[in-house]
1. So residue 5 ticks every box in (1) surrounded by fewer than 24 Cβ atoms within 10 Å (Cβ to Cβ); (2) under 21 Å from residue 162 (Cα atoms) but one. Which box is left unticked?
2. Looking at the structure I just gave you, is residue 52 surrounded by fewer than 24 Cβ atoms within 10 Å (Cβ to Cβ), under 17 Å from the mean Cα position of the chain (by Cα), assigned to a helix (DSSP H, G or I) and in the same structural domain as residue 100 (by TED's automatic domain parsing)?
3. Test residue 159 against the stated conditions and say whether it is touching a helix residue (DSSP H, G or I) at 6+ places or on another chain (Cβ under 6 Å), outside the structural domain of residue 56 (by TED's automatic domain parsing), in contact (Cβ under 8 Å) with a residue 24 or more places away in the chain and within 16 Å of residue 200 (Cβ to Cβ).
4. How about the stretch 212-253: which of its residues are over 21 Å from the mean Cα position of the chain (by Cα), surrounded by 15 or more Cβ atoms within 10 Å (Cβ to Cβ) and not assigned by TED's automatic domain parsing to the domain that holds residue 50?
5. Given (1) crowded, with 17+ Cβ neighbours inside 10 Å; (2) touching a strand residue (DSSP E or B) at 6+ places or on another chain (Cβ under 8 Å); (3) not hydrophobic (A, V, I, L, M, F, W, C), where does residue 72 come up short, assuming only one miss?
6. Mind checking whether some residue in the stretch 126-144 is touching a Pro at 6+ places or on another chain (Cβ under 8 Å), over 30 Å from residue 46 (Cβ atoms) and in contact (Cβ under 8 Å) with a residue 12 or more places away in the chain?
7. So which residues in the stretch 215-232 are among the basic types (Lys, Arg) and touching a residue at least 60 places away in the same chain (Cβ under 8 Å)?
8. Report yes if residue 17 is more than 11 Å from the chain's Cα centre (by Cα) and aromatic (Phe, Trp, Tyr), otherwise no.
Amino acid sequence: MPAPVTDAERRRPVGVFDSGVGGLTVLHELLVALPHEDFLYLGDTARFPYGERGPAELERYALEIGEALVERGAKLLVVACNSAAAAALPALRERFEAGRGIDVIAVVAPEAQAAVVATRTGRIGLLATPATVASGAYESALVAADPHLRLHAVACPDLAPIIQGGFPYDEQVVDTVRAYCEPLRAARVDTVILGCTHYPLVRPMLQRMLGPGVTLIVPGAAIARRVESALRARGLDSPQDGEGAYDFLCTGDPEAFRRLGTRFLQMPLGEVVRVGLGAGVAA
């Protein structure tokens, strides 16, 4: 029989990570859905963007970040980066779930399942980074749910860097986004997965270009439900009555992260602590 879970273990934070600030759109949903929990977010901004990197490199980055969060007490890991999830989820689960009993929840599967439920025609679009598209992770998840669905994937190498670069957007950005949407309009998809956590920041623009009849699938709410379920199943849900804390780490410039992150999170960011991970990332 496993040892009883202590209050100290239940009060440990949920670890969330992304290549940059995009995962703050997922953290926002977690903060709203699980207000009593503490969260620790790590943005690997020194090595952003992940979208053009290879699977082996992304797996190494994800394992480094997972270790950093677990060393700081994370009781569960949320992979709020589609590129990292597509490349590294099996390795993360082997190391942390099988090896240490720490659940790992990632963005791909919840979005795929939500798209299966939402589609009326079976034609589903995907906007994602080149690494995520090349991995085939969404296609595999959709086929496993329903082999008759058809996925139309569009790689968007410029979109996450454009969004991470800040606001406002000019006409060139609008033209870039419109070009990515055009193949999906031509394919007459009725559901589009936003396969990068940066993309919800341009959701109104995407909705306008794709049309009001297209359902956009974002990961936040589905991830929050899975986190809540996993914590309760292990008896690790926080015993706190009041609001939990949320803290931030990044591998790049803390001030730049704080300034842009406030817009992504839609809530105040306090101190951001810079950490070193791997070769070439300053401490």
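The values are calculated or read from the model by the stated rules, or taken from the named source; none is laboratory data. From a predicted model like this one, the values you see are computed outputs, not experimental measurements. All Cβ positions, even for glycine, are placed from backbone atoms using ideal geometry, and neighbour counts span all protein chains on display.
1. (2)
2. Details: surrounded by fewer than 24 Cβ atoms within 10 Å (Cβ to Cβ): yes; under 17 Å from the mean Cα position of the chain (by Cα): yes; assigned to a helix (DSSP H, G or I): no; in the same structural domain as residue 100 (by TED's automatic domain parsing): yes.
The answer is no for residue 52.
3. On the way: touching a helix residue (DSSP H, G or I) at 6+ places or on another chain (Cβ under 6 Å): no; outside the structural domain of residue 56 (by TED's automatic domain parsing): yes; in contact (Cβ under 8 Å) with a residue 24 or more places away in the chain: yes; within 16 Å of residue 200 (Cβ to Cβ): yes.
Answer is no for this residue.
4. 214
5. Evaluating residue 72 over (1) crowded, with 17+ Cβ neighbours inside 10 Å; (2) touching a strand residue (DSSP E or B) at 6+ places or on another chain (Cβ under 8 Å); (3) not hydrophobic (A, V, I, L, M, F, W, C) leaves (1) as the failure.
6. no
7. Within the stretch 215-232, 225, 226 meet the criteria.
8. Considered against the rule, which asks whether it is more than 11 Å from the chain's Cα centre (by Cα) and aromatic (Phe, Trp, Tyr), residue 17 comes out as no.
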